[in-house]
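**Q** I have a structure I would like to understand better, so I am pasting it below and will then ask my questions one at a time.
The values are calculated or read from the model by the stated rules, or taken from the named source; none is laboratory data. Here the structure is a predicted model, which means the values were calculated and not measured. Ideal geometry is used to build each Cβ from the backbone, glycine not excepted, and the neighbour counts take in all protein chains shown. Ligands, DNA and RNA are excluded from the accessible area calculation, which covers all protein heavy atoms including side chains. Shrake-Rupley method; radii C 1.70, N 1.55, O 1.52, S 1.80 Å.
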Amino acid sequence: MYTQREIRAGWILHVFTASGVIVGMLGLESIVEGHARAAILWLVVAMLMDGIDGPIARKINVRHAIPHIDGNTLDLIVDYFTCTIVPVAFLDKFDMLPDNTIALTGFVILLTGALWMARTDMETEDRWFRGFPAEWNVIIPTLFLLNANEWFNLAICASLCVLTTMHVEFPHPVSVREKRPMSLLAMTVWIGAMVTLAIEQERQNRGLRLLLVLAPLWTAYMVIDRARRNRASRRSGVTSAAASAPQ
């Protein structure tokens, strides 16, 4: 049985999670008005909110305190808006892709993102994501701040859309225990560089732009290393099964 205090804490957390759509809407308004850097800051706020509510929900066991509200579903609704819909609007508004490619690219991002949010196998037992977890709220602002070539942006978007539908595993910087300190540091540096570049409105700061590249490279390393170890494990399993098979 839960106390009134625990139930109130659960409702406060649910309202906090749901308010992510308000933050996302403020970001969308900034995009419509042509304020790219303000939109980036709102997306960062939404990202931080999303990173906070999960650990708190598990700590206070909100699922049992308020059983008729599914916090996971609520989180996915907010995430689809702030992590996919708003970034696609950003991509369109600020002409980040070659001519005549934004409509198709935006459609594919929205489609694959929706399919990923509905996956029943989106997480492994050790909290890795299966497929690119539709985190366009960090990818698209990063490409904008890097002032990357339009065709490079298209190649990145296309590649990540494909990875969204696959079983390639991506780390969550908080939930995954493996190399967690380095992952948290990489994410902190990445967010810090984005915020600083957005506030200073300086896209030529080479040091900060380098940090924007190094942090995703760490994630890429984690993904590749995980895939390598998974392949080795599967090979070992096949070899062991073959060795133990009756002759």
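**Q** Quick one: is Ser159 at pLDDT below 90 and hydroxyl-bearing (Ser, Thr, Tyr)? Even if it seems obvious, please write down each step before you answer.
**A** Numbers: at pLDDT below 90: no; hydroxyl-bearing (Ser, Thr, Tyr): yes.
Spelling it out, it is not the case that Ser159 is at pLDDT below 90 and hydroxyl-bearing (Ser, Thr, Tyr).
**Q** Still on this structure, I have one more. Would you confirm, using the coordinates I've provided, whether Ser175 is assigned to a helix (DSSP H, G or I), small (Gly, Ala, Ser) and surrounded by 14 or more Cβ atoms within 10 Å (Cβ to Cβ)?
**A** On the way: assigned to a helix (DSSP H, G or I): no; small (Gly, Ala, Ser): yes; surrounded by 14 or more Cβ atoms within 10 Å (Cβ to Cβ): yes.
For Ser175, the condition - assigned to a helix (DSSP H, G or I), small (Gly, Ala, Ser) and surrounded by 14 or more Cβ atoms within 10 Å (Cβ to Cβ) - is not met.
**Q** Counting only residues that are open to solvent by 70 Å² or more (accessible area, probe 1.4 Å) and closer than 20 Å to Ala198 by Cα, give me the helices (runs of 4 or more DSSP H) lying completely in the stretch 2-101 with at least 3 of them. Walk me through how you get there before you give the answer.
**A** On the way: elements: 4-18, 20-32, 36-60, 62-65, 71-80, 86-93.
Of the helices (runs of 4 or more DSSP H) lying wholly inside the stretch 2-101, those with at least 3 residues that are open to solvent by 70 Å² or more (accessible area, probe 1.4 Å) and closer than 20 Å to Ala198 by Cα span 20-32.
**Q** Can you name the residue in the stretch 143-156 that is in a helix (DSSP H, G or I), open to solvent by 10 Å² or more (accessible area, probe 1.4 Å) and not aliphatic (A, V, I, L, M) and, of all such residues, is nearest to Leu41 (Cα to Cα)?
**A** Checked the stretch 143-156; the qualifying residue nearest to Leu41 (Cα to Cα) is Phe144.
**Q** Being at pLDDT below 90, of a type in the set (Lys, Arg) and open to solvent by 40 Å² or more (accessible area, probe 1.4 Å): is that true of Arg228 here?
**A** Details: at pLDDT below 90: no; of a type in the set (Lys, Arg): yes; open to solvent by 40 Å² or more (accessible area, probe 1.4 Å): yes.
Criteria not met by Arg228.
**Q** Residues of the stretch 157-170 being farther than 11 Å from Ile109 by Cβ and either in a helix (DSSP H, G or I) or touching a strand residue (DSSP E or B) at 6+ places or on another chain (Cβ under 9 Å) (or both), which ones? Walk me through how you get there before you give the answer.
**A** Of the stretch 157-170, the ones farther than 11 Å from Ile109 by Cβ are 159, 162-163, 165-170.
Within the stretch 157-170, Ser159, Val162, Leu163, Met166, His167, Val168, Glu169, Phe170 meet the criteria.
**Q** What are the pairs with Cβ atoms under 9 angstrom where one residue, in the stretch 6-30, is more than 10 Å from Trp42 (Cβ to Cβ) and of a type in the set (A, V, I, L, M, F, W, C) and the other, located anywhere, is open to solvent by less than 50 Å² (accessible area, probe 1.4 Å) and at pLDDT 85 or above? Sequence gap at least six, or different chains.
**A** Cβ pairs passing all conditions: Phe16/Met49; Ala18/Leu74; Ala18/Val78; Val21/Ala46; Val21/Val78; Val21/Phe81; Val21/Thr82.
**Q** Sort out which residues of the stretch 178-192 are crowded, with 19+ Cβ neighbours inside 10 Å and polar (S, T, N, Q), and write them in order of number.
**A** Of the stretch 178-192, the ones crowded, with 19+ Cβ neighbours inside 10 Å are 183, 186-187, 190.
Hit for the stretch 178-192 is Ser183, nothing else.
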